[in-house]
Amino acid sequence: MTNQNVVVPDTKSGISLPMVRLSGSSIFPATAQKPPTAPGTGGGGCISLSAKKKLLLENLEINGGGGAAKINSWVDSMRASSPTHMKSSSQSLSEQHQQQITLPSALDNFDQIMEASRGKQIVMFLDYDGTLSPIMRTTVRRLATCFPTAIVSGRCRDKVYKFVRLAELYYAGSHGMDIKGPEKGSKYTKGTEPVICQPASEFLPMIDEVFKELVAKTKLTPGAKVENNKFCVSVHFRCVEEKKWSEVAEAVKSVLNKYPKLRLSQGRKVLEIRPTIKWDKGKALEFLLESLGFANCTDVFPIYIGDDRTDEDAFKVLKEREQGFGILVSKVAKDTNASYSLQEPTQASLHDLFHNYCFLGNNNYY
Ligand SMILES: O=P(O)(O)OC[C@H]1O[C@H](O[C@H]2O[C@H](CO)[C@@H](O)[C@H](O)[C@H]2O)[C@H](O)[C@@H](O)[C@@H]1O
């Protein structure tokens, strides 16, 4: 993993933001599109991931196989993801601070971000859970009047569409494996048909089968919930007593062992099973930029805001392309390829800033 281990004290938590300063000078003029270089370590009083947890997380990106040790590592990793357990980590505070690099706040540095995007077409990508869900519809509708806007989620695309109900957006469900653009007639539709991309379509029957098996295997565990996300399946631990977590993990492993073409990944108190194909939220971002006509374009400025571990694939793509920025929504330290952070997506109305910016005519291709 080449990620930085970072966090982000955002000093504006809970207070309203001043109007964005649009005429501010660029802080990184020679590398206008490059993320700022990593600031120094320390500061912020946030909690860093321990090396142990990093190892555990790396162990999760695997197929089935292994035995009780693997189950334990899944469960340990799940525990380590919970804030209570992060606080009680055996790592001392000074050790935690040594590993910590502070990410600049997207809010405090909003004028830098906008300066870097000057003259370029912003394209907005928003993760759903933890990012867009607290902001909600009105804001996203306003954003989409300024920039092409996509929602990228681990959830099933239809479900996200039912929550948001905005026909003018691009939707990428199932961690980017189910993409659909706006219908004909939208100002962002280039062709006559909406863009569609389902790179894992051959896995549909297998995923349905796995969903049914997991429902059957977990039905006796109180609180366990299996969610069919069309091209992937989530097994939720959130409402399961901690002493029963191994039982659920064992069920997941026993099913996964039968399907070598599926792999496991982990979210917040959730284990997810998905196809082994090389497709993720980063690939979805690249596909969408291409669909919008920005494949080899230097004057595009993608901004991806997300809070989930799966959003890292998109942050990484932006970093490698040296285009736009990833903004990580997080209060705690994470291994990340994002360039900026937000403690809360609702915090001081980042969306108002974007809205002001685009209506003042600084970024208005459409
Ligand atoms: O890619 P995202 O839009 O961030 O979706 C990630 C997962 O979101 C949902 O899970 C989240 O909400 C659950 C409560 O409804 C919560 O228990 C879980 O911890 C959250 O991650 C969704 O249910 C999952 O399938 C998505 O993968």
Here are some conditions: (1) more than 14 Å from the ligand (Cβ to nearest atom); (2) assigned to a loop (DSSP other than H, G, I, E, B); (3) open to solvent by less than 60 Å² (accessible area, probe 1.4 Å). Pro222 meets all but one. Which one does it not meet? (3)
Can Ser254 be described as open to solvent by 20 Å² or more (accessible area, probe 1.4 Å), closer than 23 Å to Ala150 by Cα and among the small types (Gly, Ala, Ser)? no
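Kindly indicate which of Glu320, Glu250 is out of contact with any helix residue (DSSP H, G or I) (no Cβ under 6 Å at 6 or more places or on another chain), away from the ligand (no atom under 14 Å from the Cβ), more than 21 Å from Cys156 (Cβ to Cβ) and not in a loop (DSSP other than H, G, I, E, B).
Residue meeting the stated conditions: Glu320.
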Residue that is nearest to the chain's Cα centre (by Cα) [pool: residues in the stretch 106-131 that are crowded, with 23+ Cβ neighbours inside 10 Å and near the ligand (Cβ under 8 Å from one of its atoms)]: Asp127
Quick check on Phe231: is it within 15 Å of the ligand (Cβ to nearest atom), open to solvent by less than 10 Å² (accessible area, probe 1.4 Å) and closer than 30 Å to Tyr170 by Cβ? yes
If you go through the stretch 151-158 one residue at a time, do you hit one that is surrounded by fewer than 17 Cβ atoms within 10 Å (Cβ to Cβ), assigned to a helix (DSSP H, G or I) and either at pLDDT 95 or above or of a type outside the set (D, E, K, R) (or both)? yes
Just to be sure I understand the filter: pairs with C-beta atoms under 8 Å, separated by 6 or more residues or on different chains, first member in the stretch 279-290 and open to solvent by 10 Å² or more (accessible area, probe 1.4 Å), second member part of a loop (DSSP other than H, G, I, E, B). Which pairs pass? Trp279/Met177; Trp279/Pro199; Trp279/Ala200; Lys283/Pro199
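The values are calculated or read from the model by the stated rules, or taken from the named source; none is laboratory data. Small disclaimer: the values here were computed from a predicted structure and weren't measured. Methodologically, a virtual Cβ is constructed for each residue, glycine included, from the backbone with ideal geometry; neighbour enumeration extends over all protein chains shown. Note: areas computed on protein heavy atoms with side chains; ligands, DNA, RNA excluded. Shrake-Rupley method; radii C 1.70, N 1.55, O 1.52, S 1.80 Å.
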